[in-house]
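The values are calculated or read from the model by the stated rules, or taken from the named source; none is laboratory data. All values reported here derive from a predicted model rather than from experimental measurement. Counting neighbours? That spans all protein chains shown, and the Cβs are built from the backbone with ideal geometry, glycine included. Surface accessibility is based on the protein's heavy atoms, side chains included, excluding ligands, DNA and RNA. Shrake-Rupley method; radii C 1.70, N 1.55, O 1.52, S 1.80 Å.
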Amino acid sequence: MSTLTFLGATGTVTGSKYLLEAGGERLMIDCGLFQGEKELRLRNWNPLPIPPASIQWLVLTHAHLDHIGYIPRLVKDGFRGRILASSATVDLAGIVLPDSGHLQEEDAEFANKKGYSKHEPALPLYTYEEAVKSLGSFQPVQGLGPLELSPHFSLRFFFAGHILGARLVEVTVRENGQAKRLLFSGDVGRFPQLIIPQPAVPEDGFDYLLLESTYGDRIHPKEDIGARLASIVENTAGRGGTVVIPSFAVGRTQELLFLLRELIEDNKMHSLPIHVDSPMAIDVTHLYEKHQEEHGLELEAMAAKGIKPFSPPDLHFDKTVDESKKLNDARYPMIILSASGMATGGRVLHHLERCLPDHRNTILFVGFQAAGTRGQAIQSGAAAVKMYGHEVQVRARIESIENLSAHADYIELLAWLRKFPKPPAKTFLVHGEPKASEALHQQITQQLRWDATVPTYLQKVQL
């Protein structure tokens, strides 16, 4: 009997991992890091319930860390199978994973230097070299399929509209003369999109749907994003302050560069220095320019006119440490885009440490802040946050633009589901905080009359 096991993204938005078993073979969908609360982060250090060496294939929906960040550890612990993903996702993973290994080594080294870790010595979950080694297992999938893996598993892909290379993954599982079709949503994007095509609607029905529920209890504001962004920047500059944007290196940074260019070119905002202080975000921006097969219609038209969509005036790519440090000495208004998006690590912490205590500055959040993250604490009104072993006072203005989220809200998700040719036999709501997942569960069961459930960690179901 074929089975599905939930190894992550249950009761939380992070740690996406799903295991399919049929005919003595194992296929995993996504392999993400747990982030946020300490209890969740500690799961990253626990051995998987099954030996990694027993998994033949790993299929990826997209390249965010909560979907791929555990891969180097999986390989380190014995996985020797193939890792299948879109060409753009493979390229992004080549940037994201080594960067993750580097940051984990840096954080462990800094913790040892400052002595604020409870472990002696503090160790990284995996190293830069281990992350680079894991890339040898990746195999890009050209087109959308179908792709036959074995008599028991075949794949198809659809555009997910989330970030560059993101896909909905359909898996057909065959065993004992029966075939079951599952659709793994990964993360479902917005309607419409700024840069990439909007989420596709698969033409066929499915037996099972695994659906993200990140914004299952929220509706994105219908505000004019450009006008709001321009207002925040102009007001902060008028105070002589800096706008620090903890920004996800993949997706969000490129959308912000796109919007800032439009605002300045349309004379809706004054030009001022824009610093992208994230080597990964810089490299990812170049990939967004490279993978034109992933672009939506608007970008195709811009390319035909010779317009560079991610290049606003006075743009600076600060790749080196020295370039990053120089920003600490600047006392003029500017915009700093720096990772990580939830302020859990990376260069943005140094900018927050400097800018949070000054009332002239603005910290602008432009994405989901998971429970237990430093970003969530700041966004929720904390008077101080701990950074590098000491308390940093929060006096800067704190703003949020939720409408830039790369996740569909529950209204958009329901509208997307209504376009399905028929309801799946069972819908599993994953990748959401408990409140959000339960809220979406109620909406789907009451409005659509679908059979839906919220699975638990390590739950196994027969297909």
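Tabulated data
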| item | result |
| --- | --- |
| Residues within segment 253-288 that are surrounded by fewer than 20 Cβ atoms within 10 Å (Cβ to Cβ) and among the hydroxyl-bearing types (Ser, Thr, Tyr), tallied | 1 |
| Residue in segment 381-389 that is under 24 Å from Pro279 (Cβ atoms) and either under 19 Å from the mean Cα position of the chain (by Cα) or among the acidic types (Asp, Glu) (or both) present | no |
| Those residues of segment 117-158 which are in a loop (DSSP other than H, G, I, E, B) and charged (D, E, K, R), in sequence order | Lys118, Glu120 |
| Residue pairs meeting the criteria (Cβ under 9 Å; at least 6 apart or on separate chains; first over 17 Å from His407 (Cβ atoms), in segment 64-78; second open to solvent by 40 Å² or more (accessible area, probe 1.4 Å) and among the basic types (Lys, Arg)) | Pro72/Lys133; Val75/Lys133; Lys76/Lys133 |
| Residue satisfying condition, being touching a residue at least 24 places away in the same chain (Cβ under 8 Å), of a type in the set (A, V, I, L, M), out of contact with any Cys (no Cβ under 7 Å at 6 or more places or on another chain) and farther than 17 Å from Lys460 by Cβ, within set Leu7, Leu48, Leu19, Leu40 | Leu40 |
| The lone exception for His67 - which of (1) part of a loop (DSSP other than H, G, I, E, B); (2) closer than 16 Å to Val96 by Cα it fails | (1) |
| Positions within segment 22-43 being open to solvent by less than 30 Å² (accessible area, probe 1.4 Å) and not in a loop (DSSP other than H, G, I, E, B), in sequence order | Ala22, Leu27, Met28, Ile29, Asp30, Cys31, Leu40 |
| Matching residues, segment 161-196, being open to solvent by less than 10 Å² (accessible area, probe 1.4 Å) and either of a type in the set (Gly, Ala, Ser) or over 29 Å from Ala22 (Cβ atoms) (or both) | Gly161, Ile163, Leu164, Gly165, Ala166, Ser185, Gly189, Ile195 |
| From Glu234, Glu223, residue being at pLDDT below 90, over 28 Å from Gly165 (Cβ atoms) and either open to solvent by 10 Å² or more (accessible area, probe 1.4 Å) or within 23 Å of the chain's Cα centre (by Cα) (or both) | Glu223 |
| Neighbours by Cβ (under 8 Å, 6+ apart or cross-chain): first from segment 94-116, outside any helix (DSSP H, G or I); second open to solvent by 10 Å² or more (accessible area, probe 1.4 Å) | Gly115/Gly389; Tyr116/Tyr388; Tyr116/Gly389 |
| Residues located in segment 186-209, provided they are of a type in the set (Asp, Glu) and at pLDDT 90 or above | Asp187, Asp207 |
| Cβ-Cβ under 7 Å pairs, at least 6 apart or on other chains, segment 232-250 side within 23 Å of Thr285 (Cβ to Cβ), far side open to solvent by 30 Å² or more (accessible area, probe 1.4 Å) and in a strand (DSSP E or B) | Ile232/Glu399 |
| Output for segment 444-463, where each listed residue is touching a residue at least 40 places away in the same chain (Cβ under 8 Å) and open to solvent by 40 Å² or more (accessible area, probe 1.4 Å) | Val454, Thr456, Tyr457, Leu458, Gln459, Lys460, Gln462 |
| Yes/no for Thr12 being outside any loop (DSSP other than H, G, I, E, B) and open to solvent by less than 20 Å² (accessible area, probe 1.4 Å) | no |
| Filter result for the condition that a residue is more than 23 Å from Gly8 (Cβ to Cβ), out of contact with any Cys (no Cβ under 9 Å at 6 or more places or on another chain) and among the hydroxyl-bearing types (Ser, Thr, Tyr), over Ser87, Ser100 | Ser87 |
| Counted residues, segment 179-228 - those being assigned to a helix (DSSP H, G or I) and small (Gly, Ala, Ser) | 2 |
| Residue match in segment 337-347 (condition: of a type outside the set (Ser, Thr, Tyr), open to solvent by less than 50 Å² (accessible area, probe 1.4 Å) and over 26 Å from the mean Cα position of the chain (by Cα)) | no |
| Single condition Arg73 does not satisfy, out of (1) open to solvent by less than 10 Å² (accessible area, probe 1.4 Å); (2) of a type outside the set (Gly, Ala, Ser); (3) in a helix (DSSP H, G or I) | (1) |
| Of all residues in segment 314-336 being assigned to a loop (DSSP other than H, G, I, E, B) and acidic (Asp, Glu), the one that is nearest to Phe258 (Cα to Cα) | Asp314 |
| Qualifying residue in segment 83-92 (condition: charged (D, E, K, R), more than 14 Å from the chain's Cα centre (by Cα) and open to solvent by 50 Å² or more (accessible area, probe 1.4 Å)) | no |
| Test: residue in segment 248-266 that is part of a helix (DSSP H, G or I), in contact with a helix residue (DSSP H, G or I) (Cβ under 8 Å, 6 or more places away or on another chain) and acidic (Asp, Glu) | yes |
